[in-house]
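Worksheet: one structure, shown below.
Any read-out appearing in this document is the output of simple, stated calculations on the displayed coordinates, not a laboratory observation. This one's a predicted model, so the numbers in the text were calculated from it and none came from an experiment. Cβ atoms come from the backbone with ideal geometry, glycine included; neighbour counts cover every protein chain shown.
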């Protein structure tokens with residue numbers, strides 16, 4: 001997909017109307033600092049980032065950045081408008097009102113919004129941003145290229161499902177409950193096996209129910225309980241009172257209270273520092289990010305402790321284990337409260353029985369019985385406070401102590417019945433808990449299944465990431481080699497650090513030594529060069545949506561030699577993509593004009609910015625000979641004048657490149673030289689400096705070139721000036737002038753390799769030549 | 001670059017690996033997870049409400065079983 005044109009009206013530096021006509025070609029746009037070239041890039045960013053421009057993010061730019069997006073001198077009641085037209089004639093039009101709110105419309109919206117800004121635009125200040133980013137940040141930036149979003153979703157959904165199952169399946173609570181049942185079983189049956197337990201039940205069943213009947217342990221327990229109940233029904237009040245007192249005596253409220261207190265204390269001890277540490281996390285977040293970038297120690301986001309990056313993972317794992325331990329304590333506390341409440345209910349039930357009336361009265365315990373009746377056990381279960389525990393301890397434990405003393409006087413048959421009742425209760429609980437244990441086992445298996453599945457998905461993510469990263473690395477290496485041929489920095493590649501799940505970093509060989517980060521050894525210029533390779537390698541993978549690339553002043557810190565290599569990079573790797581280069585570097589612009597294929601590239605220059613009301617303006621000096629020929633029929637003088645203006649600009653660029661010494665002129669005349677002025681000096685120097693390879697292999701003066709220059713110079717002085725000032729040039733004259741001008745510029749292109757004389761050959765920088773060396777220009781030989 | 005969908009073979013292989021580690025998991029559960037992995041689970045990060053519903057349906061599968069049935 002290519003852009004045919006970008007039109008701006010009162011957007012950023014543009015005034016009423018400004019259009020970048022690309023005709024779907026690539027383009028180089030030159031403009032001095034502040035000329036307004038980045039307004040086009042801003043327009044692209046505005047559209048791709050939903051009305052936001054990164055460098056305008058500031059408290060003073062307004063809620064919708066309207067103070068920066070809209071030209072300060074926009075007439076009242078006029079909206080800013082930007083329009084992007086694609087090569088299929090579809091259009092995206094955004095109208096931005098004075099308050100910054102915008103409406104976008106047009107058939108091109110879908111295509112344009114499919115472009116990822118980070119793969120479409122590279123600005124000067126963003127070139128090394130990827131290198132500066134953290135490992136996690138690098139991973140996030142590359143993630144969209146990995147095509148792994150579905151896998152990331154899958155892994156996260158599986159993880160969250162496992163958590164939901166654990167929560168809704170009450171896995172932790174069930175574990176705690178089973179532990180409590182096991183403790184009661186151990187207390188009642190000691191180290192006995194399941195078989196011993198079943199035999200105990202069988203023995204009691206025979207004792208209370210006789211032979212035959214139920215065979216299942218649970219059914220037998222229920223039958224025994226019923227039989228004991230029937231036997232108790234025939235007991236006297238005295239016997240029943242003893243039985244109840246035996247039950248009450250078995251309620252160990254004190255150990256339950258102690259269990260709750262112990263768990264509460266453990267939680268309190270752990271919770272206080274935890275809270276402080278969590279607060280510290282918020283404070284240390286900024287420092288954490290900075291420290292990671294600096295590669296020093298980092299403050300753990302979980303607890304705030306300073307730790308070396310390498311140990312960070314282990315440290316986090318330890319923190320997770322600590323929190324899991326706390327959760328277990330929390331579960332234990334809940335279970336202990338549950339047991340305490342069960343015992344309180346049993347106590348309430350026992351004390352409320354009428355058989356205990358005389359005993360309570362005799363022991364002066366009626367008040368305590370009333371308090372017990374008023375106690376809300378449900379409330380204690382929800383929120384058991386220390387006050388509750390104290391009340392239970394002072395008011396209700398004495399009931400049990402008294403009951404325990406009284407129970408000692410119970411007749412042997414009652415003691416025996418009470419002991420059997422308790423034993424069968426625990427046995428029934430143990431047998432009944434088998435279903436819970438089975439369910440828990442299943443849930444644990446399901447959790448392990450999901451965990452294994454998540455691990456499998458994450459392994460796949462890692463494997464696929466590695467493949468894409470290897471491909472990216474190969475592209476980066478290719479591009480780096482084009483920009484830095486034969487240099488001792490090689491093996492540039494992305495890698496996933498060992499043991500890291502979502503991290504990517506860059507490594508390279510610096511004079512044969514492996515370096516884990518380019519920040520260790522590379523200069524700013526090299527880092528920017530590497531940043532450019534990284535951006536282009538990632539952009540190259542966007543072949544499907546084929547967005548154009550905007551490179552805004554990205555070669556500022558590259559020297560002339562490396563800037564020159566970018567042309568080769570673009571020609572080799574991005575020949576089929578639309579690339580918009582913006583630069584304030586006049587030398588580079590001139591070089592690009594010479595070297596890039598004018599069939600696929602446009603070259604446009606902006607005038608220095610004047611004032612907001614006038615806005616950004618194109619320079620008229622960027623016409624082509626095609627433009628000149630278009631005037632031949634109706635306005636031959638305009639055709640000649642256009643050709644002359646082209647030569648003023650083009651010859652100035654070539655004279656500068658060839659280091660042709662121009663005489664100093666007074667005042668601003670230095671800035672208003674004509675094509676004739678340059679050609680006059682080029683002819684003078686060229687007789688000695690401009691050479692071509694002769695038939696014998698040696699170099700000889702390029703006499704034909706000088707002849708062509710002279711012929712063109714003669715026409716520029718006569719017909720060119722006539723066209724500009726006399727307006728009486730006829731069509732054949734203008735036609736010949738244009739042809740001669742083209743021929744002169746063609747002289748600087750090698751007939752063999754078709755490359756211009758641009759290449760700096762030796763270290764002393766005395767020689768320029770074409771790619772194959774057929775043509776040469778030796779500096780300072782005039 | 002568009003995101004790569006998960007192939008049926010890939011999903012089955014992952015489930016087979018996971019099931020090997022946890023043979024207690026019932027067939028019905030694995031079938032449900034397979035459907036999710038090829039649909040809802042790869043479309044987006046699901047909201048907790050939706051995940052709760054799925055968890056409930058998995059728990060219901062355990063309750064409807066007369067003791068969990070191992071996958072073949």
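The long axis of helix A:237-249 is offset from the longest Cα principal axis of chain A by roughly 30 degrees. Tell me the relative contact order for chain A as a rounded percent, counting alpha carbon contacts under 8 Å between residues six or more apart. Relative contact order, chain A: 17 percent. Rounded to the nearest 10 degrees, the inclination of helix A:560-573 to the longest alpha-carbon principal axis of chain A is 70 degrees. Counted residue by residue at 0.36 nm each, then reduced by the alpha carbon distance between them, the extension gain from residue A:665 to residue A:167 reaches 170.7 nm. Exposure proxy shown here: for A:11, A:690, the number of other Cβ atoms within 10 Å sets the order, fewest to most, as A:690, A:11. Spacing of the modelled spin labels on residue A:619 and residue A:419, each 7 Å from Cα toward Cβ, amounts to 11.1 nm. For region A:1-135, the relative contact order comes to 25 percent (Cα pairs under 8 Å, sequence separation of at least 6). Could you state, as a whole-number percent, how many of the C-alpha pairs of the protein assembly as shown are farther apart than 53 Å? Roughly 43 percent, rounded to a whole number.
Using the Cβ-Cβ distance between residue A:266 and residue A:511 with R0 = 51 Å, the FRET efficiency computed as 1/(1 + (r/R0)^6) comes to roughly 0.30. Using a/c under 1.5 as the rounded threshold, could you call region A:427-558 rounded, prolate or oblate? The axes a ≥ b ≥ c are square roots of the C-alpha gyration tensor eigenvalues, and prolate needs a/b larger than b/c, oblate otherwise. It comes out prolate by the Cα gyration axes. Each part gets one Cα centre, and for region A:347-362 versus region A:24-80 those centres are 87 Å apart. Look at the stretch A:153-166: the mean tally of other chain Cβ atoms within 10 Å of its residues' Cβ atoms is 6. Listing A:459, A:475 from fewest to most neighbouring C-beta atoms within 10 Å gives A:459, A:475. The modelled label-to-label distance for the pair residue A:743/residue A:466, using points 7 Å beyond Cα in the direction of Cβ, is 6.5 nm. Annotation: extensible slack from residue A:401 through residue A:199 equals 69.4 nm (criterion: 0.36 nm per residue apart, minus Cα-Cα distance). Ordering A:609, A:442, A:664 by the number of other Cβ atoms within 10 Å of each residue's own Cβ, fewest first, gives A:664, A:609, A:442. Net length available on complete extension from residue A:772 to residue A:490 is 98.9 nm, with 0.36 nm assigned per residue and the Cα-Cα distance removed.
Label reach from residue A:214 (point 7 Å along Cα→C-beta): in region A:407-446, amide nitrogens under 16 Å belong to A:420-435. Only helical runs count toward this figure. For chain A, summing -39,500 (n - 2.57) over DSSP H runs of n ≥ 4 and dividing by all residues gives -18500 deg cm²/dmol at 222 nm. Which whole-number percent is the relative contact order of region A:499-552 (Cα, under 8 Å, 6+ apart)? For region A:499-552, the relative contact order is 17 percent. For region A:1-129, what does the alpha-carbon gyration tensor say about shape, rounded, prolate or oblate, given a ≥ b ≥ c as the root eigenvalues, a/c under 1.5 as rounded, and a/b over b/c as prolate? Because its axes are fairly even, with a/c under 1.5, region A:1-129 counts as rounded.
Summary of the geometry: region A:549-590 and region A:387-460, compared by the centres of their Cα atoms, lie 76 Å apart. Between residue A:179 and residue A:391, what FRET efficiency comes out of the Förster formula 1/(1 + (r/R0)^6) with R0 = 35 Å and r the beta carbon distance, rounded to 0.05? Efficiency, from the Cβ-Cβ distance: 0.80. Suppose R0 equals 25 Å. What FRET efficiency, 1/(1 + (r/R0)^6) with r the Cβ-Cβ distance, do residue A:323 and residue A:383 give to the nearest 0.05? Once rounded, the FRET efficiency stands at 0.65. Working from label points 7 Å from Cα in the Cα-to-Cβ sense, the residue A:633 to residue A:546 distance is 3.3 nm.
Helix A:412-483 and the longest principal axis of the C-alpha atoms of chain A enclose an angle of approximately 10°. Classified by the C-alpha gyration tensor, region A:191-263 has an oblate form. Its axis ratio a/c, with a ≥ b ≥ c, is 1.5 or above, and a/b does not exceed b/c.
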